[in-house]
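Here's the structure we're looking at; comments come further down.
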Amino acid sequence: MEKEQKPEQAGENGGKRVNGRQIAGILLIAAGILAIISVFAIPAINRKNNDKDIEDIRSGKYADPIETDAETITPEAVSPESIAAPSGTAVQTEPSERDQKLQTILADNSRIGIVEIDKIDVLYAIVEGTEDEQINRAVGHLTESAGIGEQGNCVIAGHRGGYFGTFFERLPELETGDVVKLTDVNGKEYHYSVYDKRMVEPADWSVIKELEDQHTLTMITCEDDTRKRIVVSAVLFTP
């Protein structure tokens, strides 16, 4: 008499055998679900952290007694040709002192201010540095450029959407005369008026070296699927 064949066993649980393809499929599905969740979760986390950063800055948590040479100017008309040289005495921060301060800031990824643009609903903390570590969570300040309100060209950069958030998504909507407000860690506000907007190649960094003897602001974000950069320039004025 033939022996009765036993059903195929696949492990101690007596369940069906799971092969490599099934495992790979399960992992791919799980990875896809996690990716979809992260698309919504990461911007939400950044938004929550940003709100906390703004609250901390406004409360004076990062206040710094070191003054800058923030002498405002009031041009008759806002254009590159009409930007007048700043007048009056200015308090200069010694290079060595500023370098030491920057090293401390960079070591802590510190918040250095707030950028606010009512027209395009922008309200974000500014952090020191423009590497991925910084601009993936906030608007970043180019360390080599002038500080907030300082003489020279203050350069800030932000993503225009995607995985980490929409910091400067609507930056291209800005037009001549629109106002950008920066607030430093001491609560001092600086108002800049937009006078120029252009598209440049990603490798064109000449825009950050312009008007170094003035009080200007340059805002940079991506365009055309990162193949170009949108650059918006503004000048400091007294409202």
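How about region 188-213: which of its residues are part of a loop (DSSP other than H, G, I, E, B) and modelled with pLDDT of 85 or more? Scanning region 188-213 gives Lys188, Glu201.
The condition (being surrounded by fewer than 23 Cβ atoms within 10 Å (Cβ to Cβ) and modelled with pLDDT under 95) is satisfied by just one residue among Val127, Val185, Val139: Val185. Selection within region 214-239: residues that are more than 13 Å from Cys154 (Cα to Cα) and not in a loop (DSSP other than H, G, I, E, B). The member of this set that is modelled with the lowest pLDDT is Glu223.
I'm checking my understanding of the structure. Among residues of region 142-177 that are assigned to a loop (DSSP other than H, G, I, E, B) and of a type in the set (Val, Ile, Thr), which one is surrounded by the fewest Cβ atoms within 10 Å (Cβ to Cβ)?
First, the residues of region 142-177 that are assigned to a loop (DSSP other than H, G, I, E, B): 142-151, 158-170, 174-177.
Going one step further and asking which of them are of a type in the set (Val, Ile, Thr), we end up with 143, 148, 166, 176.
On the way: Thr143: 15, Ile148: 23, Thr166: 16, Thr176: 13.
Across region 142-177, the extreme among qualifying residues is Thr176.
Within the group Ile45, Ile33, Ile54, which residue is among the β-branched types (Val, Ile, Thr), loosely packed, with under 11 Cβ neighbours inside 10 Å, modelled with pLDDT of 65 or more and within 30 Å of Ile135 (Cβ to Cβ)? Let's see the steps before the verdict.
On the way: Ile45 fails: loosely packed, with under 11 Cβ neighbours inside 10 Å; Ile54 fails: loosely packed, with under 11 Cβ neighbours inside 10 Å.
Result of the check over Ile45, Ile33, Ile54: Ile33.
Looking at region 203-212, is at least one residue among the aliphatic types (A, V, I, L, M) and open to solvent by less than 10 Å² (accessible area, probe 1.4 Å)? Yes; the residues of region 203-212 include at least one that is among the aliphatic types (A, V, I, L, M) and open to solvent by less than 10 Å² (accessible area, probe 1.4 Å).
Within region 197-208, residues that are over 14 Å from Leu171 (Cβ atoms) have Cβ atoms under 9 Å from residues that are of a type in the set (Gly, Ala, Ser) and assigned to a loop (DSSP other than H, G, I, E, B) in these pairs: Ile208/Ser145, counting only partners at least 6 apart in sequence or on another chain.
The values are calculated or read from the model by the stated rules, or taken from the named source; none is laboratory data. Because the structure is a prediction, the values reported are computed rather than measured. Backbone-built Cβ (ideal geometry, glycine too); neighbour counts: all protein chains shown. Remember, those area values only see protein heavy atoms, side chains included, never the ligands or the DNA or RNA. Shrake-Rupley method; radii C 1.70, N 1.55, O 1.52, S 1.80 Å.
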